[in-house]
Structure formats: structure tokens, C-alpha cells
1. Report whether or not residue 178 is of a type outside the set (Ser, Thr, Tyr) and closer than 18 Å to residue 84 by Cα.
2. If you go through segment 140-159, how many residues are of a type in the set (Gly, Ala, Ser) and exposed (fewer than 12 other Cβ atoms within 10 Å of the Cβ)?
3. Could you tell me whether any residue of segment 173-187 is in contact with a strand residue (DSSP E or B) (Cβ under 9 Å, 6 or more places away or on another chain), within 18 Å of residue 51 (Cα to Cα) and in a helix (DSSP H, G or I)?
4. Return the residue satisfying two criteria in turn: it lies in segment 83-111 and is among the polar types (S, T, N, Q) and in a helix (DSSP H, G or I), and of such residues it is modelled with the highest pLDDT.
5. So is residue 115 open to solvent by 50 Å² or more (accessible area, probe 1.4 Å) and either of a type outside the set (Ser, Thr, Tyr) or touching a helix residue (DSSP H, G or I) at 6+ places or on another chain (Cβ under 9 Å) (or both) or not?
6. Among the numbered conditions (1) buried (at least 18 other Cβ atoms within 10 Å of the Cβ); (2) out of contact with any strand residue (DSSP E or B) (no Cβ under 9 Å at 6 or more places or on another chain); (3) closer than 19 Å to residue 196 by Cα, tell me where residue 75 comes up short.
7. Can you tell me which residues in segment 49-66 are of a type in the set (A, V, I, L, M) and not in a strand (DSSP E or B)?
8. Residues in segment 90-111: is at least one free of Cβ contacts under 8 Å to residues at least 24 places away in the same chain, under 11 Å from the mean Cα position of the chain (by Cα) and closer than 26 Å to residue 32 by Cβ?
Amino acid sequence: MKETLKKDQTGQRKRRESKPEEAIGVFFSFSLVCAAVIMLLVVQGTYSLHNILSFKKSPLEWALYTLIPLTGILLLGVILTKRLSSEHIDDANKNYQHLSLMKIVLFMFSAALFEELLFRGLIQNGLLLFLKKEWLAILATALLFLAFHVQYYKKPLMLLNITVPALVFGWVYAETDNILVPFFIHFLSNLLMTLFFKYNWIRLKE
């Protein structure tokens, strides 16, 4: 009986550890689909390439639009980590830090790429065409972003940790008209928070 339990537990651990690796390929595949759809909409004239990859800002403005939101999101994550006990943190957030550095980078990169292409590139642009008001499109996209993260429904306080970033990503995209800016903020904030845990620069409150 004990051997069976050990085997079951080992199998569960292996399945749980394999999920991020499997997700990397899935995220990259979905990213290609989203990118293809965006390009199709640009070719058809529904979306404007100027609103997807605009380079109208100066280098200083790019730096400010990236570094200031990134710093704010990281501070929010650190504060919530210090204030919330580990029982309020989603299990996935506790497990990613145990992956190798390369797997963490690939996972965070592919996840951020897919989510930004989908939510900012496709959804926010599409909603803006119908709603006509940028702030409504940002808010509606953020709500859909929350709905997408079903794993956090059992940990309601975690929703705060993605609500603020979702609004920030939407606002930054609206200000810069360049999908790369919210993508880099999204990728770097997720990556750095995971590395903070991995190297014990911050710890979960017991």
C-alpha cells in the first residue's frame, strides 16, 4: 500500500513538473496563431500596423514607459508577498521557482508573448473598434484577462496581483501603440518575481 502511494505521489509530481514544459510549446503555438490573425487583420485594413508596432516615442520615453510600470508592478508583488500568507498564494506560483533558469525564462517569455498578442494585440484593439473609448477597451480587456486566469478563483486575493498589471499593460499599450512594450513589462515582471523566489530574495509569509 505504501509503495503504491509512493508511486502515485511520484507520478503526480512528474505530471505536475511536466506541465510548464508542455505549456511552453502550447504558448508559442498559440502566439503564432494570434500573430497570424493580427497580420491578417492588418492586411485587410481592420487593424493598423501603426497601432501595433509604432515607434513614435523617443528612446527616453520608451525607457520611462517600460521601467516605471515594471518597477510599480514588482513593488506590488513584493508588498503582497510580504503581507499575504502562503495559503493565499496560488500553488503554481510556488512551483515555477523550482524549474531551471532556462525553463523559467522560456516559460515566462512564451506565456507573456501569448497573453499580450491575445489580450492587447487582438482583444483590446477589437474592443476599441466597437466601444470607441480607449478606457472602456482597457477595462473590458482587463476583465477578460481576469476571467482567463481561472486558477486564481480559489485564491481571490491573487486576483489583485493580476488586476493592476492588466490595467497597466492596457494603458501602456494605448499610450505607446507598440505591443512590444507591454510584452516586455509583462515578461520581465513575471520573470523577476519568480527569480526573487527562486534565489530567496523574498520569501512567502507562513
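1. Values: of a type outside the set (Ser, Thr, Tyr): yes; closer than 18 Å to residue 84 by Cα: no.
When the stated conditions are applied, residue 178 does not pass them.
2. Initial filter on segment 140-159 (of a type in the set (Gly, Ala, Ser)): 140, 142, 147.
Within this subset, residues satisfying the condition of being exposed (fewer than 12 other Cβ atoms within 10 Å of the Cβ) are 147.
Qualifying residue count, segment 140-159: 1.
3. Here is the first cut: in segment 173-187, the residues in contact with a strand residue (DSSP E or B) (Cβ under 9 Å, 6 or more places away or on another chain) are 177-180.
Then keep just the ones that are within 18 Å of residue 51 (Cα to Cα); that gives 177-180.
Next, from what is left, pick out any that are in a helix (DSSP H, G or I): 180.
There is at least one residue in segment 173-187 that is in contact with a strand residue (DSSP E or B) (Cβ under 9 Å, 6 or more places away or on another chain), within 18 Å of residue 51 (Cα to Cα) and in a helix (DSSP H, G or I).
4. At the first step, the residues of segment 83-111 found to be among the polar types (S, T, N, Q) are 85-86, 93, 95, 97, 100, 110.
Filter once more, keeping what is in a helix (DSSP H, G or I): 86, 93, 95, 97, 110.
Details: 86: 65, 93: 57, 95: 64, 97: 70, 110: 97.
In this case the residue turns out to be 110.
5. Judged against the criteria, residue 115 is not a match.
6. It is condition (1) that residue 75 fails.
7. Step one: list which residues in segment 49-66 are of a type in the set (A, V, I, L, M), which gives 49, 52-53, 60, 63-64.
Result: 49, 52, 60, 63, 64.
8. no
The values are calculated or read from the model by the stated rules, or taken from the named source; none is laboratory data. Quick caveat: nothing in here was measured; it's all calculated off a predicted structure. Backbone-built Cβ (ideal geometry, glycine too); neighbour counts: all protein chains shown. With ligands, DNA and RNA removed, areas are computed over all heavy atoms of the protein, side chains included. Shrake-Rupley method; radii C 1.70, N 1.55, O 1.52, S 1.80 Å.
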